[in-house]
Amino acid sequence: MNKSRTVGSKWVKTKVLLQNKELRKFVPETRIYNQSNLFQMLNKYKMVYVKPINGSFGQGVIRVKKNHKYTFQSGKTARSFETFQGLFTALNKAKLKKSYLVQQGIHLLTYQKRIFDTRIMVQKTPHKKWEATGYIGRVAHPRKIVTNFHNSGKPLPLEVLLGSYINGQKKKEYIHRLRNLGYRIAKHYHKSYPGFKEIGVDIGIDKTLKPWVLEVNTAPDPFIFNQLKDKKMFFKVLRYARENGRFIRVKRK
Ligand SMILES: Nc1ncnc2c1ncn2[C@@H]1O[C@H](COP(=O)(O)OP(=O)(O)O)[C@@H](O)[C@H]1O
Ligand SMILES: [Mg+2]
């Protein structure tokens, strides 16, 4: 049992998810970043994300690919290498001076050729129940590999972004399933961390429409929902965040 209200480490948070048999299948394979894990993961998946264990806003996140060459991209610049050794040396210089993870890369859906993912907000209600109060899509800058709002990503209604893949009742049901996944994750986290009152789940969707949990945020930003024209969701998220004491000590993510 742990009473803390936030957890920073993406490694710890991934291990918590993996404890649950039902949730495990939504977690991309994740390992500690080192030379042999990177080598193996690149051979297995051809595309991986390398990201700081303690990070936010997409800072220091790098996408690495293995095709006929090795390529990595952070920010807007991509670089290519003939050999794995060349890649690894340059990557170590380009990454932040922090511990990293290497994660199976998900081929995210796109909107106007830009990748997008989703953020599901799950909060304790005034009746002390969990509820998936917010959901939103985040489109990456055309030349970036992260979707974060604080990294030039653009928040848009999820209905709009999914519109070129599914529509009507199917789309409604799909969004319901995503929210339910967020809800199940919150319930599961609560067992290990009873102090949690809110989580924000970053869910990537691949080309088969399978959802993948990219990250669980334990101090999720309520204000992203203020980016939607329709303020209904934002007002509820904000009201619950206040009731959950989120603005007493401001630490956002
Ligand atoms: N395994 C992955 N596959 C595809 N995209 C990813 C993956 N991991 C991260 N991303 C992209 O990078 C963004 C930032 O990564 P995330 O793990 O959420 O870290 P941060 O704490 O910086 O938000 C995600 O929102 C997503 O757009
Ligand atoms: Mg994130």
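Can you spot a residue in the stretch 89-96 that is crowded, with 16+ Cβ neighbours inside 10 Å, within 16 Å of ligand 2 (Cβ to nearest atom), in contact (Cβ under 8 Å) with a residue 40 or more places away in the chain and part of a loop (DSSP other than H, G, I, E, B)?
no
Given the criteria within 16 Å of ligand 1 (Cβ to nearest atom), closer than 23 Å to ASN54 by Cα, in contact with a helix residue (DSSP H, G or I) (Cβ under 6 Å, 6 or more places away or on another chain) and not in a helix (DSSP H, G or I), does VAL216 qualify? Explain how you work it out, then say what you get.
Working: within 16 Å of ligand 1 (Cβ to nearest atom): yes; closer than 23 Å to ASN54 by Cα: yes; in contact with a helix residue (DSSP H, G or I) (Cβ under 6 Å, 6 or more places away or on another chain): yes; not in a helix (DSSP H, G or I): yes.
So VAL216 fits the description; yes.
Where residues in the stretch 143-162 are of a type outside the set (Lys, Arg) and touching a helix residue (DSSP H, G or I) at 6+ places or on another chain (Cβ under 7 Å), which of them is surrounded by the fewest Cβ atoms within 10 Å (Cβ to Cβ)? Before you say what the answer is, go through the steps one by one.
Filtering the stretch 143-162 down to residues of a type outside the set (Lys, Arg) leaves 145-153, 155-162.
Keeping just the survivors that are touching a helix residue (DSSP H, G or I) at 6+ places or on another chain (Cβ under 7 Å) gives 149, 155, 158-159, 162.
Numbers: PHE149: 17, PRO155: 19, LEU158: 23, GLU159: 14, LEU162: 22.
Looking at the filtered set, the residue picked out is GLU159.
Can you tell me which of (1) of a type outside the set (Ser, Thr, Tyr); (2) over 17 Å from GLN73 (Cα atoms); (3) more than 16 Å from ligand 2 (Cβ to nearest atom) is the one TRP11 doesn't meet?
Among (1) of a type outside the set (Ser, Thr, Tyr); (2) over 17 Å from GLN73 (Cα atoms); (3) more than 16 Å from ligand 2 (Cβ to nearest atom), TRP11 violates only (3).
Select, from TYR183, TYR189, the only residue that is within 18 Å of the chain's Cα centre (by Cα) and closer than 20 Å to SER56 by Cα.
Values: TYR183 fails: closer than 20 Å to SER56 by Cα.
Among TYR183, TYR189, only TYR189 is within 18 Å of the chain's Cα centre (by Cα) and closer than 20 Å to SER56 by Cα.
For (1) at pLDDT 95 or above; (2) within 9 Å of ligand 1 (Cβ to nearest atom); (3) among the polar types (S, T, N, Q), each residue gets a yes or a no:
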{"position": "GLN40", "(1), (2), (3)": "yes, no, yes"}
{"position": "PHE57", "(1), (2), (3)": "yes, yes, no"}
{"position": "TYR70", "(1), (2), (3)": "yes, no, no"}
{"position": "SER80", "(1), (2), (3)": "yes, no, yes"}
{"position": "LEU96", "(1), (2), (3)": "yes, no, no"}
{"position": "GLN112", "(1), (2), (3)": "yes, no, yes"}
{"position": "PHE116", "(1), (2), (3)": "yes, yes, no"}
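The values are calculated or read from the model by the stated rules, or taken from the named source; none is laboratory data. Please read all numbers here as calculations on a predicted model, not as lab measurements. Note: ideal-geometry Cβ built from the backbone for every residue, glycine included; neighbour counts use all protein chains shown.
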